[in-house]
Structure formats: C-alpha cells, structure tokens
Amino acid sequence: FTGCGSSKEETTQTGSSAEQSSAAELSSEDIIKAAAENGSVGNWGLGNEYEVLALLSKYDLGSDYLSQDFTMDGFDDDSITLASAMTYNELGLVKNDYDGGYGYGDSVEYIDMNDEGVAMLEDNIFCTEDFAKENPNTVAAFLYASLKGWEYAVENPEEAAEICYTYGSSVSAEHQAYMAEEVAKLVTTDTQGETVTDIGNMDEDAMQQTLDIAKEYISLDDSDADAALQSLTLDDIRDSSYLEAAKSSDGTFDVEKSEVSIQLKWLPDAQFMGYYVALDKGYYKEVGLDVEIVAGGGDIAETTAVNNGTVDFGVTWVSNLASANAGGMNLVEVAQIFQRSGLVLVYKPENFE
Amino acid sequence: MRKFKGLLEKKWFSTIFWIILLAAGWEIAAVYVGYVKRTPENILPHLYQIVAAAISKDPVSADMTATGLVLSAAAATILRAVVGYVIGMIVGFILAVLMKMSGIIEKMFFPYLMLILLIPVLGMAPIVLAVTGDIDKSRIIIAAILSFYPVATNTLAGLKSVPKEQLDLMFIYAAKPIEVYKKVLLPTAVPYIFSGLKIAAPMAITASILVDTLQGDGGLGCILSQSLKHAMSIYVFWLIVFFSAFIGIGSTYLLGGIEQFMLPENRNKRKIKRKVMKDERRSLQEKEELICQSKI
Amino acid sequence: MSAEVYKKKKSLYARAKSSKKAQAAGTIIFPAILGAVIFILWQSQGLHKILNTDLFILPLPTKIISLIGSNFADIMVNVKTTLIEVIGGLVFGCLLGYLVAIAAASKPNIGKGGLAVLGAFASVPVVALAPVMNNWTKDVSSEAEVRSMVAKIIVIALITGANMCLNSYRGLINLPPYAEDLMATYAAKKKWVLLKLRIPNSLPYVFVALKIAVPSAIMTAIVSEYFAEYISGVGREIRENIVLAQYTTAWAYIMIACVIGVGAYILLMVLSKAVLKNYPKQG
Amino acid sequence: MVTGKNTAIEIKDLNVTFQDNSGNDVRALKEINLDIEEGEFVALLGPSGCGKTTLLRTVANLQEPTDGKVRVLGKTPKEVRLEKKFGFVFQAPVLLDWRTVSKNIELPMEIMSYEKEERKRRTKEMLELVGLGEFAQHFPRQLSGGMQQRVNIARAFGLRPEILLMDEPFSALDEFTKEKLHIDLLRIWEQTNKTILFVTHNIQEAVFLSTKVCVLSPHPGRLSAVVDIDLPKRRELEMRETPHFNELVTKVRNSFEGGSY
Amino acid sequence: MVTGKNTAIEIKDLNVTFQDNSGNDVRALKEINLDIEEGEFVALLGPSGCGKTTLLRTVANLQEPTDGKVRVLGKTPKEVRLEKKFGFVFQAPVLLDWRTVSKNIELPMEIMSYEKEERKRRTKEMLELVGLGEFAQHFPRQLSGGMQQRVNIARAFGLRPEILLMDEPFSALDEFTKEKLHIDLLRIWEQTNKTILFVTHNIQEAVFLSTKVCVLSPHPGRLSAVVDIDLPKRRELEMRETPHFNELVTKVRNSFEGGSY
Ligand SMILES: Nc1ncnc2c1ncn2[C@@H]1O[C@H](COP(=O)(O)OP(=O)(O)OP(=O)(O)O)[C@@H](O)[C@H]1O
Ligand SMILES: Nc1ncnc2c1ncn2[C@@H]1O[C@H](COP(=O)(O)OP(=O)(O)OP(=O)(O)O)[C@@H](O)[C@H]1O
Ligand SMILES: Cc1ncc(C[n+]2csc(CCO)c2C)c(N)n1
Ligand SMILES: [Mg+2]
Ligand SMILES: [Mg+2]
C-alpha cells in the first residue's frame, strides 16, 4: 500500500494548481536521474522506446524502463513517475478533463525529446520498394493528394478534427480538436523549432539523426539482422523521387493502380487527419485514386501489412522502418509527414521535490 | 409439472444467488477503490455507473451510444466466433474420431494439436493471412483453431470412456464401426462432448475478440482496445467485460439446454411421451367413434 | 510350446516389460516421425509452398535454431519468467478450480449456479482480464516485477481454474452405479465419500482437464505478457519481435513456447500414467 | 427395555411406488406388514421383480417409503444407518475399479476408522473365508463374476454389522462355494447373534438358512406368506436330506400364490 | 462333407494365460480339448473362477488363445463372428442405459438390418417370452436385477443365432421364471436345432438342459470330465424326478475333482 498514501493526498487537491513552482528549479537531468533510480520511467516499448533509451544513455543511466500500457493509469497512480506521452494524445489526456482525461491541467510538466537532442522522426508514408517501382505514378498521385490533405488540415485543424470525427473516429470530439492542433504543430515545426512549409519533406539531418539513434538502440537477437541494421544508409530506407514527382506535378496522373489502401499506425484519429481530409475533400478522387484507409493499432504491424501486400501504403515511424528493413523487408519511405518528435516524458513536479 | 417448475426456479436461484454475491463483493471493492484511487472508474467503477453508461444516450464515438457501439461491434465478433466455433467443433470432433480409430494417429498427432494451440495468434496470423489472403477469413480460422482442441480432447476422452463390456457386445454382433459409433460410442460420449463444447465456447469468443485486434477495423476487440487506450470512454471497456461474461453464462446455459435435449436417454423419453400421447388420442378417437356408431 | 512360455518366468517378465517399453517408445517414436516429416518439409521449403508464405515470415528451422543457440542466455531469462507464471497459474488455478468443483459437488443446488458464474469468468477475454488485473494488483508490491507476475498468475489461474472446475465436477458427480448407496449404508460422512469415492473417481477427469489446462495456461501466459508492466517473458518477446518485423527471433521464441508445451505434455503423460496406473485402461 | 426378544425390524403398512416414463405409477410394494425379532435370520423369497430389493433398500434407508412406517431397533432406518449398524450386500457387486480386492474389502473399515493392523487382519481373514487369498492384489476387472461377488460378501462380513441385509449374495456362485459360504454365514450368525435379512429366489437355500421365510408375490409386491422354519439353530448340510426339510420346502413352494407368477 | 453330425466347435490344446499386476502368469485355461457337434446343447460346469467365462469368450473371439486351436463350424472364431453367427448372453446384463428395454432388445436386429416390422414383432414376442411385456418402455435402471437379466436373454433369443453362447443366464432368476425359460430355451433349441454352449454352476440345470456336461476344475482350469446326458431330446419338467436323472446328477457331482474346489 505504499502508493496509496500519496495518491490519496492528491485526491484532495485535484483541480487546485496551487503549489507547483517548487519543482521548477529542478533540471530535466535531475528528474530523469531520480526517476531512473526509482525504476519508474515508463514507455510502451514495441519500437517506441529508442528516444527514451537514448535519453537515459545521455545521462549515463541504465536502460531499464517499465512497460506502460496505452493508458496513463500508471502515471495517475504514481507507479510510473516519468511517463511517455505523445504531445497530441496522452499529454492531452493527462491535462484535460474531458471524458477519458485525467484532468491534471497545468500541474504536470514534461521533458521534450526535441529539446534533449534525442528526437527521432515519426509518422511517414511508406510502401514496398517493389510496389513503388511498379506503380511510380500511383505513388506520386497518392503523395500529391495526401500532402494536399495535410496542407488543408494544418491550416484548418478544427475542420479537420470534425472530418476525422465523422469518419468513425474512436475519439471524443473535444480530444479530437486538441489532437488536431497539436498534430498540426508537429507537421509544421522541425526538431529545432523552425517552421516548415515544405510538408512531407525528408530532412537529411533529422533523418540521419533518427537512423543513428536507431542503429545504436535497436537491439536485435538475430545477428544477420543486426549486421544489416548497422550497414543501413538513408538510401536504403527512403526514396525522395516520388515526392519530387508529386511536387512538380500539375495534379494529373496516369495511375497504374487506382484502388489503393493505406494502413495507419494507430487508431483512426486526428493523428492521421491529412488522409481523412484528402478523402473527404475528394483529393484522392481528383488524382484518379480510390483510397481505403485501414485503421491501425492492431497486432499486425503496419510494416508487415504493407510487406505482405494486404495494404499498399502505410504510416510508420522511421525507426520501425529501419528495423523492418534490417529484418529483411524491402520498404521505402516516400514522404515524411511529422517533422519533429511528438514524444515527451511527463511528470508530476511534486513527485520530485 | 409443479415439481419441474420448482426445480427450474431453484436452478435460476443459485445462479442469481451467485451473481448477487459477486455484485455485492464488487460494490464493496468499488467503494474502497473510490476512496483510495484518483480515477476509480479506470480500476473498478460502481455497477450503477456501468449501468448508467449502458443506458446513456450520449454518443461515445461518432454518433453511436456506448451500448449501440458495443452491440454493433459484438455482431461482427460473435458471428465470427460462432462460425469459428462450429468449424472448430466439427474439426475437433472428426479428429477425435480419427484418434479413437487409430492409436498411431493419436500418438502421432495429439502432441502437435496441442502445439498448434501454443503458437500465439501473433505468430499464426501472418501465416494464416498469407494462406487465405483475407483478414476476415484469417480471423475465423484462428478462432476455429483456438476452439477445436477442447472439443477434440473431451470427445476423445468420452469415446474412450465406454465400458469394455458394451464394446464386447457390439464386437460379438460384428457391428460395423459406424454402427458402434452410432449406437454406443457417441451416446456415451455426449456428456463429454458437451463439456468440451462448454469449455470451447468462451474460448471461441475470447479468440474472436483477440483476433479482432489484428487490424483496427471493427469488432469488440477493437473497441475494447480503443477504450482501453482511452480513445473513448472507459465505460465502453467495462460494458464489454460484462457483455462477454454474459455471453459466457448464456452459452453455458444454452449448451446445457441443448445437452439435455440431445442426451440419448431424454430423446428416448420424448419418443415414449409422444407415443403415449398418440395412443391416448387414438383410443379417444376410437371411443368417440364407438359412441357415434352406437348412437347411430 | 506352452513349456517355452512357462519355462522362464524371468524371460516372460522381461518380455512384458519390453512390450511396455515398446509402447512407451511408440508414444515418442510416432510423434518423432511426424516431427521429422514436418522438419524436412519446412527445411526444404515445401511447407512454404503449402502455406503460400515466404522465408521472411517463416524462416528456416536451422536459422531459428542457430539463433536460439547464439542467444541462449537471454532466452533463458524469458523462459524463466514464463515458466514461473505458467506453473504458478496452473497450480493456483487447478487447485482453486478443483476446490470449487468439490464445493459445488457437495451442494449441487447452489453450486451449479456457481459453476455457470465461474464459467463467465473464463469468458471474459484475456485481453480484457489482463489489463484489469494489472490495475488491481498495483498495490501488491512496490516492485513492478513482483506485482506484474502476480497479475499474470491470477489471469492464468482464472482461465485454467474454470476449465478444471467444469471437468472435475463431472468426475465428482458421475459415480459408478450404487457406489453412493454403498457409502450410505456405511453412513460415511461427506468427508469420506469425498475422500474414498468422489476424488478417486474424478482423477481421470482431472487429467482430461489438465490436457486442456496446460496448453491454455501457456497460451494465456503469452497473451497476458503483452500487457504486463514488467517487460519479460517469451510472449512479450514474440510480440516485440513481430512488431519489429524480426520474424526469425519471434519464431525462435515461438519454438521455445512449443518446447515448453511439449515438455509439459510429456510431464503430464508421465504423471497421468503414474497416478492412473490402477485405473482401467481407457479405450 | 427387557433383554431377549426385541423387535429388530418392524414394518407397518409399507407402500413403495415408483414412476415410469409416462408418469404412471408402478407399485413395487403394497401394504407390507412384517416384524422381525433380534437375532432372527429371515429369508425373503419371491419371483423376479416382485420388490425384494426395494424392501431391503427401504429398511436400509436407501429408499424412502411412499407410505407406511419402518422401524429398525426401535428407531428410524436413518438413525440406524447413521449409527453404522447396517451391512448391505448389493445384488450386483459394487466394487471400486481403482482399488485392489483387499483395498475394496478394507474400504468400510477405513471409513469407520479401524486401526490399520485390525483392518489388515480382518481383510486377510475375510479373503480366506471367501477363498480369494491369492487374489488380494488383483483388481476387480481381473476377477470372474463369482469372484467379484465373493469380494462383495467379504466386504460386508468384515464389519460384523448389527443388521445384515443381503440381496441374493450367492446366486452367482457354484454349489460348492455356496455351501461353504452358507456354513460360514450360519457360523457367523450363531456366534454373533445378529439379525439377518436375506433375499434369495432359491427355496432350498431359504429354508436351509433361515428361521423364517417371507414370500412376496408380484405386481404389486405383497407379503403372501410367512413360514416359520423350525429346524434346530445349528444347521448342518446333512439336514437338507431329511424329510422335515423337504416338507418345509414343499410348504414354502405351495405358499406361492397360484404357484407361479 | 456329409450332412448330419458336423463338428460345430473344435477346441485343441487350448491354453489361456492372463497376467496379474506383478507380471506373473494366471493360468485361466490349461490344455482344453473338446469337440462339440452341430445341434448339441453343451453345459459347462465348474466352480467360480475356474475359467468358464474365459472359455466362452475364447470361442466367441472375445479373447485370444495364448496357445492352441479353436475352430467353429470349421472356421476361425473371427470368421464366424464376422458372419454374425454368434449369440452371446453375458454373465452380467450388458444393457445400454439410454435405451429402453425394447430398444435394447432391438439393438442387434438393427445392426443386422432387420426390417422394422420384423424387429417390432420379434421384440414383442421376446418380451412376452421373458414376461416383461409391460416393461417395454422402461429404462434398464428402472428394472430389478432379474428383470435386467431377462432383457439380456431376450436380446440373444431374438436373433436365432447359429451358435448360442450363454454365460450363467439364469442364475439371477427365481425358480419359476427359470423353469419357464428352461422350457422355452429347450423348445427353441428343438425347433431350430442350433448349437448351444451354456455355462452354469447348477448341476441340476446342467443335466436337465444339456446333451453333454463338461466339468471344469479350477486353478488352472482343466477339463476334468465330460458326461453324456442320455435323456430323450424332448425334455419335460417331470423328468427331474426320475431316478435316471438323479443318477446323472450324482455322476456329474462325483466327477468334480476331489468333490470341492
Ligand atoms: N483380465 C484378466 N486379468 C487377469 N486375470 C483374469 C482376467 N480375466 C479373468 N482372469 C482370471 O481367470 C480366471 C478365470 O476367470 P473366468 O471369468 O473365466 O471364471 P469363471 O469360471 O467364469 O468364474 P465365475 O463362475 O465366477 O464367473 C480367474 O481366476 C480370473 O481371476
Ligand atoms: N427406479 C425405479 N423406477 C421405476 N421402477 C422401479 C425402480 N426401481 C425398481 N422399480 C420397479 O420395482 C419393482 C421391484 O423391483 P425390485 O428391484 O425390488 O425387484 P426384486 O424383487 O429385487 O427382483 P429381482 O429378483 O429380479 O432382483 C420392479 O417392477 C421394478 O421395475
Ligand atoms: C503498438 C504500438 N504501441 C504504442 C505505440 C506508441 N504510440 C504511437 S502513436 C500513439 C498514440 C497516439 O496516437 C502511441 C501510444 C505505437 N506506435 N505502436
Ligand atoms: Mg433384486
Ligand atoms: Mg464367469
């Protein structure tokens, strides 16, 4: 019953964001060290842990972390004091008090991976190299319409959120709106905090940094795969020619395959608003494509689904792409949607006083 | 008739007794959790909160209410579970018969049957998907794989439980194998088969929910995991927990009923009843005819 | 002719023994033959043609085995976790299930409904049960490793317990004709009827239940590891590696799960032979 | 209560009715009235299906009477059963498959918490009595039908019960084995002076063993005659050749209603 | 082959050995030699556990001989069994619990694909024969022990098999029922002239029914005597009172080795 006492105290002070300044003097280094020593750093694992590992290593801490389920209950009951959260999703749930939220408001603080210099690039668009080679126009057309959708979405996040909601989204309308705002920031800001106008751009430096961290922290038992990983170069995991073709196009394509599908990395929500907008606004139709959006968050990983041909395109994180190719798949990234890391480590300052 | 009714009431009574006991335990725990936890609804909500969520008209996803969402998702999941269950049942049954017929087949295959069960859905799914090329077919097949084993094991045990003397009797008459099955082995195995089916039924539903989550498109498993991920109201999760428990109880009672109906003895009893009724009717008719004739 | 049989009791005894041995050998040889056939099919990629899959999704057995060899120590750590869960869950679950069956059998009027309610527990899918248990066991220990283990053991115990309960209940109730009357004439107390009649009579049923409980315990362990707070175990590794598209490694762990299953099966067979040696042979 | 001839079993207006599958009544016993004194050896005789087993089961509290009153040693059958005063030899040998012959014989003694030594001693004695000394370690399935029945008898004898109820115990046995067991049973009865109620369909057997023969007539089972057997208490095999014995046999045979069922 | 007296059952140097739990041999039958002609009615007599059932089972192909040769109608027991020429009345009534009495009697007829009409007709006839007409729709556990045994007998009689093997069919029955069935069995045998091998431990019964009595001695079961019964083919109940009958009974009794087991 060790954890009970503290959470009980909290019950009494919910909502009042009174004393929270005392922790402000603590540096992120102190926080991480304290949490790591306590064994209460949380992450989902399953290929989402490399930035956290890099951060722990940056401060010479061990590589242990707790497996965080997809709720923030562990954070809530203090079994995880430094919890992983995506800015656009879990962080919102922690702060806000709509249905499913925990209502901590601004009493919680977080460490941003971009600030710590361990940012990795996340949501992209990829397909198999074979598919891209056989259907170059389809790929270009798909990118053209998708990017158009994203452009519209980041400019009109509220409308994009509504569109997502009507497409059978699983998320409450309020949270959807929050998400859209935050996702828009990730699409239009890079790891250094600079504004990005060129949506979908595959930034050399950020990608290289991602690949380098991936090489260091992805640990593979299969020695062949491990060797393959270490020898990966950016050219093995991305191909910018389709993006260029899309950008230089006038919007008309002679597509090889008109019925295509895209598998999302997660549940259908505003994390993927660009595709929903493109579908809703008919951008895909305009380029001659009939697109099906397949929800993710299931057990068949998006890389596997794309690799075995169940779907044509997928959204994944760059590091996942690297490990998949190291494992023997032949996938290529054709566009990079998120320009900075959305991962933060959230904590309650009072736990670190 | 009166006795029969009393018995039925008793049966229901004991289930209700346990449900009430369980509910009381739940509520006590919920009150406790309510005091010590900050977000008790994630850990152990009050039953009335769950009921309220079930009857609430507020949409939880797009324009669906919680109950509407669960029911529409359940339709897909239960359909797959039932189809998988039936396939699993047939395959399990046939395998048991094959294993009963040949000791070599039994020795050879039995350990592997168990192994198939051990290959996790995650390992199986990509291969099954490769074979069928269709996610829905794969789901049904995996549900079938997970539910055939209890049926096979129990059926085999039932077929083996036949007293030796009864087999000797059939042996003397040089009865063909099919007749030995029809007249002795299967009737004896019926209760065993049903306890296999009773174990397999929740397994099929569990499996079906599990395979829902292979891809994110619909089904109880998907909204279960979505609500677990706080993508929607957590009460949807609790509704599903209760819903699946009810399906479990329901399937046990349904199968129990079917078993009573299928038990060879009861079938013979029904036959006798029908015959008696027919005879009575006939004798009544004859009497009436006699009366008519005598009147004429 | 008969003299030959009668001459040496010893040789006959030896023969009987060797025939028993031959039988025991059969239980190993026949599965081994099938195993060899599958292995050859798999290694020669015939299996891949049948299953319409590729070397990526289903790597060759030699590759999998060599991966197991080179990561043996790491694998063993995970195997240990899984074994503790499976054994703990089985022991608790089966004992509990059996006790509930005994309680239900001694008061069938009330007990039967309890069985249905217990069956309902088994119908709550593992995917729902596992996260709930994680939450409920948060206060068990400040060590994530310990509370996580407890949560998994409870889930496995619930799943296997329900199954054990259903089967052994039948064994406790379906007694030989007039055996209950016999006990009644001795005015045997319930305890004795249980000890001398019901329990011995239920043993064959218990083994039928175990035949299902053992693999389903392993299966449940694998699935509930997905959700566990503390990262360890064969199941967790399978999931991690499949998500990372490391199919060779995933298959290595699947193979390990199968080895655990086969080991448990052999153990179960040996145990059942020993315990049921006085019972009429089934079949 | 004075010692001497107390009533061991008292049956008054006993009716037992079963129901068949179409819900009709099957009357197994109708208006049975019977008094048995302590130390008596009563044989129950009657054609197949007349209700002998049902009567025995009712006395032993294995079957509830539909109507009427049964008293054993002045108490209800249930009380007597709970005092563990009944021994019952079932018509079909009820042996537990998983126990060896000797373990089957020990079963009731285990339940009644006999000392281990005592259990072993009695079991051995009983096995010798029924001629199965060599088969102590066999399982029931390895025995012939008659041998199983002998185990069944040995199990009941091992207990020395106050009231011994036996349902056709010897009908599966050959003449010689039967004769030996007749004598053994009679010796046990003489020495212990227990009350025995014994079902048989063999008239010679009934007359030879008992002090009183009760004849049941079938459909529904009614007590059609009670014949006192005035042979000396100590019976010898040779008595069966005497004219008086034959007279008694004839008397019993003639008391069957209509002479046949 | 000439018509008339062909050998129905030929047993040469038959040995059957079982194994007990410690792997020791239990010799059930030792060096049995026996020839039975077609149309004979042979009674197999012997004390409990001497191997009677084992011998019957060996003839019926239910038990493999350890040694020696068995021929039935010039063929192996297996061939004869597959030709469905055996009828077998088991020592304990083997009835299927879930079938009614009449359904149990119909069972072999269903297997042998008798017409439905024929099945019903014969079943009814057999039920009357064994006096269970009213119990056609009962289940076995609603019957008394003797009634179950009568169903068992009715089932075997319903078929009119070439070779009828009966294992103590009448020992659970009362005198009157038994006598009636004796006569019925003899009538069936006379009319159909089938071969019957009949196990009993009742010497009177053996002599009254059979044309030949084979006496087995126990441990191990050997054929210790064969006594031809030269009573007229058509037997009447009264014959049992004749001096010749008693002579035969005494002869058989004396042929038991040592007079006891
Ligand atoms: N399966 C078996 N295993 C071991 N011994 C057996 C087996 N079956 C029979 N025996 C032994 O064989 C002997 C003969 O048995 P069988 O059943 O033939 O006797 P029986 O003459 O029919 O006796 P009864 O009149 O009591 O029925 C017995 O000693 C018995 O213990
Ligand atoms: N459970 C039951 N349900 C219906 N009828 C029954 C039941 N038990 C017995 N009977 C009927 O009661 C009658 C008497 O049976 P009981 O067993 O007492 O006969 P019995 O005198 O012991 O005969 P036997 O000498 O053949 O053993 C029979 O007609 C039988 O059908
Ligand atoms: C299998 C799997 N588990 C967790 C994540 C991490 N993650 C990525 S996006 C997101 C939610 C925000 O929409 C979360 C939790 C993942 N990618 N894949
Ligand atoms: Mg009886
Ligand atoms: Mg016998």
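Structural remarks
- Per-residue ellipticity at 222 nm computed for the protein assembly as shown from its helices equals -18000 deg cm²/dmol, with DSSP H segments shorter than 4 residues left out and the rest contributing -39,500 (n - 2.57).
- 20 Å-binned pair-distance histogram of chain A (Cα, whole percent): 30, 56, 13, 0
- Convex hull of alpha carbon positions in the range A:209-353: directionally averaged projected area 11.8 nm².
- Size descriptors for the range A:122-184: radius of gyration and Dmax over Cα atoms are 14.4, 42 Å.
- Using θ = phi - 60° and Karplus 6.51 cos²θ - 1.76 cosθ + 1.60, couplings along the range A:233-238 (whole Hz; Gly, Pro as x): 10, 4, 5, 7, 10, 9
- Volume in Å³ per residue [convex hull over Cα atoms, computed for the range B:61-263]: 121
- Over 27 Å [Cα-Cα, the range E:1-144], rounded percent: 40
- Relative to the longest principal axis of the Cα atoms of chain E, the long axis of helix E:101-111 makes an angle of roughly 70 degrees.
- Normalised per residue, the volume of the convex hull around the Cα set of the range D:92-160 (Å³): 78
- Remark: mean inter-chain Cβ contacts per residue of A:302-309 equal 5, using a 10 Å Cβ-Cβ cutoff to other protein chain atoms.
- With a 10 Å cut-off around each Cβ of D:54-61, the average count of Cβ atoms from other chains is 1.
- The range C:195-266 - Rg and Dmax from Cα coordinates, angstrom: 16.4, 56
- The trypsin sites (Lys or Arg not before Pro) of the range E:1-106 meeting both criteria, a DSSP state outside H, G, I, E and B (loop) and at most 13 other C-beta atoms within 10 angstrom of the site's C-beta, are E:Lys5.
- Only protein heavy atoms count here; under a 1.4 Å probe, C:Met149 has an accessible surface of about 30 Å².
- Residues whose placed amide H lies under 5 Å from that of E:Phe41, excluding near-sequence neighbours: E:Ile196, E:Thr211, E:Lys212
- Between C:Lys277 and B:Ile291, the FRET efficiency estimated from the beta carbon spacing at R0 = 56 angstrom works out to 0.20.
- Whole-percent pair-distance distribution, where bins are 5 Å wide, for the alpha carbons of the range B:47-166: 2, 10, 14, 15, 13, 11, 11, 9, 6, 4, 3, 1, 0, 0
- Between B:Leu47 and B:Ile178, residue separation times 0.36 nm minus the direct Cα-Cα distance comes to 41.8 nm.
- The separation of the range C:169-234 from the range C:46-91, counted between C-alpha centres, amounts to 31 Å.
- Semi-axes of the equivalent ellipsoid for chain D, Cα gyration tensor, largest first, Å: 28, 23, 19
- Legend: distances between Cα atoms for C:Lys152/C:Lys211; D:Lys84/D:Lys116; E:Lys30/E:Lys52; B:Lys164/E:Lys178; C:Lys112/C:Lys191; pairs beyond 23 Å are B:Lys164/E:Lys178.
- Peptide packing: for E:90-97, A:284-291, the average count of neighbouring Cβ atoms within 10 Å per residue gives the ranking E:90-97, A:284-291, highest mean first.
- Highest-fluctuation residue, A:Thr188, A:Thr197, A:Thr81 considered, GNM on chain A with Cα pairs under 10 Å: A:Thr197
- Computed over neighbours whose Cβ is under 15 Å from that of B:Ile199, the net charge equals +2, Lys and Arg +1, Asp and Glu -1.
- For the range B:61-263, the carbon plus sulfur part of the accessible surface works out to 78%, probe radius 1.4 Å.
- Whole-number D in µm² s⁻¹ for the range D:124-261, Kirkwood Cα-pair radius fed into Stokes-Einstein, 37 °C, 0.692 mPa s: 201
- Relative to the globular-protein estimate of 2.2 N^0.38 Å, the Cα radius of gyration of the range A:55-175 stands at 1.38.
- Using the Cβ-Cβ distance between D:Asp230 and E:Leu82 with R0 = 45 Å, the FRET efficiency computed as 1/(1 + (r/R0)^6) comes to roughly 0.15.
- Rounded to the nearest 100, the interface formed by chains B and C buries 5500 square angstrom of accessible surface, both chains summed, with a 1.4 Å probe.
- Note that chain C shows a convex hull volume over its alpha carbon atoms of 214 Å³ per residue.
- Cα-only radius of gyration and Dmax that characterise the protein assembly as shown, units Å: 40.5, 131
- Computed from label points 7 Å out along Cα-Cβ, the spacing between B:Asp134 and B:Gln260 is 3.9 nm.
- A protection proxy built from the mean count of other Cβ atoms within 10 Å ranks the segments A:317-323, C:270-276, most packed first, as A:317-323, C:270-276.
- Across peptide A:323-329, the average count of Cβ atoms from other chains found within 10 Å of a residue's Cβ is 5.
The values are calculated or read from the model by the stated rules, or taken from the named source; none is laboratory data. Predicted, not measured: the structure shown is a model, and the values here were computed from it. Every residue, glycine among them, receives a Cβ derived from its backbone with ideal geometry; neighbour counts consider all protein chains shown. The area values use the complete protein model at the heavy-atom level, side chains included, leaving out ligands, DNA and RNA. Shrake-Rupley method; radii C 1.70, N 1.55, O 1.52, S 1.80 Å.
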